[in-house]
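Read-outs: derived from the displayed coordinates by stated rules, not from any lab. Because the structure is predicted, anything quoted here is derived from the model rather than measured. Note that we place each Cβ from the backbone using ideal geometry, even for glycine, and neighbour counts take in every protein chain shown.
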Amino acid sequence: MDISSELQVIKPIITIYSNKFLSIENYVNIVEFDTNLIRVKTKEKIVKITGDKLVLKYINEGEIGIKGIINSLEFTD
């Protein structure tokens with residue numbers, strides 16, 4: 001079955017659970033990684049996550065999970 005391009009989800013989906021965990025779906029790659037800063041490239045923007053003790057909890061082809069104390073989330077070009 002073909003799905004219309006209008007219905008296909010290609011935009012990033014970010015789910016935040018309190019300030020302790022977040023997941024990003026439909027990402028392209030990890031641009032920068034440190035325990036205080038993670039930058040993830042999506043098809044539209046770069047997502048910048050700042051915090052303390054940030055770790056990659058899981059990573060697969062379509063989704064990435066980040067755990068730690070999340071202080072801010074910002075979209076940059």
> Within the set of pairs 6 or more residues apart or between chains, which connect a residue that is without any contact (Cβ under 8 Å) to a residue 40 or more places away in the chain and in a strand (DSSP E or B) inside segment 15-31 to a residue that is of a type in the set (Phe, Trp, Tyr) and surrounded by 14 or more Cβ atoms within 10 Å (Cβ to Cβ) with Cβ atoms less than 9 Å apart?
Replying inline: Thr15/Phe21
> For the subset of segment 34-76 comprising residues that are basic (Lys, Arg) and either over 17 Å from Asn19 (Cα atoms) or touching an Asp or Glu at 6+ places or on another chain (Cβ under 6 Å) (or both), which member is surrounded by the fewest Cβ atoms within 10 Å (Cβ to Cβ)?
Replying inline: Lys43
